[in-house]
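Here is the structure we will look at, set down as structure tokens.
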Amino acid sequence: MNRLFLKYPYPTSAVILLIFAWVVTQRLARGDSLVLLVVTAVIVWPIGVFVFFYFWPQITVGGFKRAIVKRGLGGARFPSTSCTPCRIAPPSPLRAAA
Amino acid sequence: MGAFLSWLASSGVVQGVIIGAALAFLTTILILGVVAKAETTTVNGWSSIRRAGQPGNGLLVRAALQKALPVVNVFEEAAYWTASVDGAGKKLNGEHAYRLHFPPGHLPPHDAFWSLTATDTIGYMVSNPAGRSSVDDHSGLVSNPDGSVDILLQPQAPGGQAQNWLPTPTGRFKLMLRAYLPGVDIMNGSYDVPPVVMVA
């Protein structure tokens with residue numbers, strides 16, 4: 001999913017927004033109220049942005065740690081001060097990052 | 001309890017949380033991209049971010065630079081340049097062959113080592129017949145008679161100077177040049193990476 005979003009950010013975003021639009025139209029078609037949905041989304045949205053800002057480094061480092069533990073460092077040469085010479089991706093390779 | 005959960009499921013609150021969180025993620029990506037772009041310097045098609053990894057960057061810049069250059073060292077430890085376009089501003093593509101020409105004495109100055117890596121546009125290495133995705137100062141690069149060094153960037157092996165060949169993915173790709181313990185010229189900003197030139 002992450003790779004899909006990284007490679008096709010705009011189409012992926014468009015699909016997500018279309019799904020949300022479909023959910024809303026379905027609720028409207030059933031005659032359900034949208035008030036709680038909208039209020040909740042409006043509250044969660046800015047809080048979520050802040051949370052993502054705050055935790056983005058930890059999320060990224062966590063992803064690298066999982067990849068390195070699972071797949072190793074790929075035999076690449078790297079200095080001891082560099083924690084991530086590469087990021088690994090299927091089928092064999094590494095993602096060059098640091 | 002059951003009645004409450006049933007109401008919660010049908011009230012739209014759960015959907016609101018999901019939609020709010022997803023919109024937050026998309027907004028975050030958008031904002032971090034804009035901030036990272038503002039922090040990026042591009043010369044000859046090579047982009048670099050000097051502030052990456054610096055303590056005191058602040059919440060927003062820290063996150064943005066972590067997205068642009070994940071888990072990097074501070075600039076004093078390692079300098080990073082990325083290029084997804086050639087010197088003419090055209091996107092790098094494995095359909096073409098490129099040359100990176102370092103004039104004599106113009107390889108990245110360093111006190112450790114440098115390396116040049118070819119990846120797909122996301123940053124993942126792609127398998128290739130040569131079994132390597134990078135060249136570095138220990139790759140046995142062959143210098144030209146005048147002391148300059150040409151690195152050939154193309155998917156297929158070149159006719160000669162295979163030591164100087166960096167296999168590239170067949171589709172669009174990007175390059176990452178790294179210099180560990182960068183030299184004075186990099187630190188003071190006087191060093192520019194030469195442009196990648198399309199040759200075929």
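Rule-based calculations on the coordinates, nothing more; no lab input. Predicted model, so just to flag it, every value in this text is computed and none were measured. Glycine gets a Cβ as well: all are built from the backbone with ideal geometry, and neighbour counts include every protein chain shown.
When the Debye formula is applied to the Cα atoms of the protein assembly as shown, each taken as the same point scatterer, what base-10 log of I(q)/I(0) results at q = 0.12, 0.13, 0.16 Å⁻¹? After summing over all Cα pairs, the log10 values are -0.83, -0.93, -1.29. Normalised size of the range B:42-109, defined as Cα radius of gyration per 2.2 N^0.38 Å with N residues, equals 1.34. In sequence order, the range B:137-144 has phi-based couplings of 6, 10, 8, x, 4, 8, 7, 6 Hz under the Karplus curve 6.51 cos²θ - 1.76 cosθ + 1.60, θ = phi - 60°, and Gly or Pro positions carry x. Using θ = phi - 60° in the Karplus curve 6.51 cos²θ - 1.76 cosθ + 1.60, the 3J(HN,Hα) couplings for the range B:160-168 round to x, 6, 5, 5, 8, 9, 10, x, 10 Hz; x is entered for Gly and Pro. A simple spin-label model places the labels of B:A38 and B:W7 4.5 nm from each other, with each point 7 Å out along Cα-to-Cβ.
Less than 5 angstrom separates the built amide H of B:V196 from those of B:G87, all sequence-distant by 5 or more or on a different chain. If you take every DSSP beta bridge fully contained in the protein assembly as shown, what fraction is antiparallel? Give it as a percent rounded to 5. Expressed as a percentage, antiparallel bridges in the protein assembly as shown total about 90. Placing unit charges on the Cβ atoms of the charged side chains and taking the dipole of the protein assembly as shown about its Cα centre, the candidate lying farthest along the positive direction among A:V69, B:V14, B:L69 is B:V14. Amide H to amide H, with H built 1.01 Å from N, B:R172 comes under 5 Å of B:G94, counting only residues 5 or more places away or on other chains.
Computed over chain B, relative contact order equals 26 percent, with contacts defined as Cα pairs under 8 Å that lie 6+ residues apart. Each peptide in B:99-111, A:36-48 gets a packing score, the mean of other Cβ atoms within 10 Å over its residues, and the list from highest to lowest is A:36-48, B:99-111. Note that the range B:188-197 has calculated 3J(HN,Hα) couplings of 8, x, 8, 8, 10, 6, x, x, 7, 10 Hz, one per residue in order, obtained from phi through the Karplus relation 6.51 cos²θ - 1.76 cosθ + 1.60 (θ = phi - 60°); glycine and proline are x. Hull volume per residue, based on the alpha-carbon atoms of the range B:56-191 and their convex hull, is 128 Å³. Each Lys or Arg adds one and each Asp or Glu subtracts one; over the other residues with Cβ under 14 Å from the Cβ of A:Q58, this totals +4.
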